[in-house]
Amino acid sequence: ALALALLVRYGLGLTIANPTSYYLSCILVSMVFISIVEFFFVNLKDAGKFLAMLLLILQLTSCGGTFPMETVPKFFQILYPFMPMTYSVTLFKEAISGYDAATANHAALVLVLIFAGFTLLTALFSLGRKVHEQHQEPQLT
């Protein structure tokens, strides 16, 4: 995350209003999406790969980063508040263009909650699978 952030900032010559927020945003967003992908891959195997790709595709249109939300179909406008990338885009906009602490803090809080939720779900599913496997092993006496 930091290597990409440095490359974008210095390689592309991007002027950043709040560099600290920018770097922290890169780290947080990276952690959030790694936790989501890990949940899908570890717990849902091949179906998880498909769902992770589907989530990415849905987010690209419904996050408000590429097109203004008023110009996209109603379906994507409904998805908008539920997509992690929505809050990632908001966080990056605040760090790069100008900094409104309330907006940035709200987006960061939502991303932290998403990260915590997916990390917890991954741990619970893994624990459940481990307990299930232990009960399936033949008991040696």
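Taking the criterion of being in a helix (DSSP H, G or I) and over 11 Å from Val29 (Cα atoms), the residues of the stretch 98-109 that qualify are Ala101, Ala102, Thr103, Ala104, Asn105, His106, Leu109.
Condition check ((1) under 29 Å from Tyr22 (Cα atoms); (2) hydroxyl-bearing (Ser, Thr, Tyr)) across all residues:
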position	(1), (2)
Gly64	yes, no
Lys74	no, no
Tyr87	yes, yes
Ile96	yes, no
His106	yes, no
Val112	yes, no
Phe115	yes, no
Lys130	no, no
Gln134	no, no
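No other residue among Leu113, Leu124, Leu120 is under 24 Å from Glu38 (Cβ atoms), open to solvent by 50 Å² or more (accessible area, probe 1.4 Å), over 15 Å from the mean Cα position of the chain (by Cα) and at pLDDT 90 or above apart from Leu124.
The values are calculated or read from the model by the stated rules, or taken from the named source; none is laboratory data. Keep in mind the model is a prediction, meaning the values are calculated, not measured. With ideal geometry, Cβ positions are generated from the backbone for all residues, glycine too; neighbour counts draw on all protein chains shown. Side chains included, ligands, DNA and RNA excluded: accessible areas come from the protein's heavy atoms. Shrake-Rupley method; radii C 1.70, N 1.55, O 1.52, S 1.80 Å.
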